[in-house]
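Notes for the one structure printed next.
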Amino acid sequence: MTRPEPGLAVEVADGLRRILAPNPGPMTHWGTNTFLVGTTEIAVVDPGPQSEAHLEAILTATKGQRVAHILVTHAHLDHSPLAHGLSEATGAPVTAFGPPEAGRRPIMQRLADEGLAGGGEGVDTRFAPDETVEDGDSIQGDGWSVEVLHTPGHFAGHIAFRGDDWILSGDHVMDWSSSLVSPPDGNLTDFMATCRRLQALSPSRLFPAHGGVIDRPQERLQWLIDHRLSREAALLDGLSDEPQQIGALTKRIYDIDHAMLPAAERNVFAHLIDLVQRNLVVAHPKLAWNAKFAAA
Ligand SMILES: [Zn+2]
């Protein structure tokens with residue numbers, strides 16, 4: 001698939017349109033996919049980054065229709081900031097799981113309280129939805145309804161939306177990237193559980209917030225699970241002879257250049273937190289970024 005034209009609404013399924021935002025980059029691929037659910041009463045899913053051009057594009061695509069809902073999968077800067085301006089322009093409420101830190105597990109909250117900051121993923125710290133939803137809630141419009149799925153992993157309060165035979169999967173499943181899982185917002189234990197849950201729902205198609213449609217969700221989800229399991233195996237292998245700190249362990253299992261090292265270290269930490277929670281690794285003196293990790 002080639003990169004779609006930004007700003008143009010394209011029908012991708014019955015009653016579902018996609019508009020690409022003009023924010024291409026290494027973390028966003030072609031840019032953010034904004035989805036329009038419905039034909040007369042519209043839900044705008046992931047309005048995207050602050051962009052006058054993109055706001056205009058959404059308003060043009062929904063001319064003569066009513067924007068009834070603004071839904072946000074998660075509070076990253078490439079997904080949520082335009083929600084505010086779109087709400088002002090249309091009067092529609094902004095709906096999400098909660099404020100940016102909503103849904104964090106106690107271990108992640110403890111690490112955040114002790115000073116673990118994000119790795120520059122770009123949290124929209126000012127994001128404040130008008131309405132919150134939970135797993136299993138349903139959102140309706142004229143002739144359509146979607147079910148809210150709480151899908152933590154990439155982000156604690158990440159939600160996805162399940163339509164007839166498709167799911168708007170946000171940043172959880174994409175076809176061009178294995179999805180960033182960076183603590184304290186990213187949680188690998190949750191990421192794996194969400195992958196398995198999405199598999200069990202067996203949708204025909206996934207529409208990610210970046211990149212093209214995923215026509216074979218089972219395969220892609222299995223690939224994501226296997227990819228993480230092989231990293232986990234390498235990591236346990238790296239800890240088999242002596243305890244290690246994150247930096248040394250990362251260099252041992254990743255063959256990458258210097259610029260990629262911080263991101264790789266965060267990824268290793270995500271795995272270590274998961275392994276400590278599962279009692280496969282112990283941390284001395286306690287679970288923290290600068291702890292020494294050993295196989296249990
Ligand atoms: Zn994100």
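The values are calculated or read from the model by the stated rules, or taken from the named source; none is laboratory data. Only a predicted model underlies this, so the values are computations on that prediction, with no experimental measurement involved. Because the Cβ atoms are built from the backbone with ideal geometry, glycine has one as well, and the counts that use them run over all protein chains shown.
Within segment 83-101, restricting attention to residues that are in a loop (DSSP other than H, G, I, E, B) and touching a Pro at 6+ places or on another chain (Cβ under 9 Å), the residue that is surrounded by the fewest Cβ atoms within 10 Å (Cβ to Cβ) is PRO93. Can you confirm whether GLN140 is more than 12 Å from the ligand (Cβ to nearest atom) and in a strand (DSSP E or B)? Considered against the rule, which asks whether it is more than 12 Å from the ligand (Cβ to nearest atom) and in a strand (DSSP E or B), GLN140 comes out as yes. Residues in segment 157-175 include at least one that is at pLDDT below 95 and crowded, with 19+ Cβ neighbours inside 10 Å. Remark: pairs (first residue in segment 273-296, of a type in the set (D, E, K, R); second residue modelled with pLDDT of 95 or more; Cβ separation under 6 Å; 6+ apart in sequence or on different chains) = ASP274/LEU188; ASP274/THR189; LYS292/PRO243; LYS292/GLN245; LYS292/HIS284. Annotation: of all residues in segment 193-238 being basic (Lys, Arg) and out of contact with any helix residue (DSSP H, G or I) (no Cβ under 8 Å at 6 or more places or on another chain), the one that is farthest from the ligand (Cβ to nearest atom) is ARG216.
Filtered by the rule that a residue be assigned to a helix (DSSP H, G or I), without any contact (Cβ under 8 Å) to a residue 40 or more places away in the chain and under 17 Å from HIS227 (Cα atoms), segment 239-270 gives THR250, ILE253, ALA264, GLU265, VAL268. Taking segment 65-82 as the range and being surrounded by fewer than 20 Cβ atoms within 10 Å (Cβ to Cβ) and not in a loop (DSSP other than H, G, I, E, B) as the test, only ARG66 passes. Condition test on GLY25, is it at pLDDT below 95 and within 13 Å of the ligand (Cβ to nearest atom)? So GLY25 fits the description; yes. Being within 30 Å of ALA288 (Cβ to Cβ) and not in a loop (DSSP other than H, G, I, E, B): is that true of ARG18 here? So ARG18 fails the test.
Is it fair to say ALA57 is away from the ligand (no atom under 13 Å from the Cβ), touching a Leu at 6+ places or on another chain (Cβ under 9 Å) and either part of a helix (DSSP H, G or I) or among the charged types (D, E, K, R) (or both)? The answer is yes for ALA57. Taking the conditions (1) farther than 20 Å from ILE42 by Cβ; (2) touching a residue at least 12 places away in the same chain (Cβ under 8 Å) in turn, ARG110 satisfies each one other than (2). Looking only at residues in segment 158-192 that are of a type in the set (Gly, Ala, Ser) and within 12 Å of the ligand (Cβ to nearest atom), which one is nearest to LEU20 (Cα to Cα)? Once the filter is applied, the top-ranked residue is GLY170.
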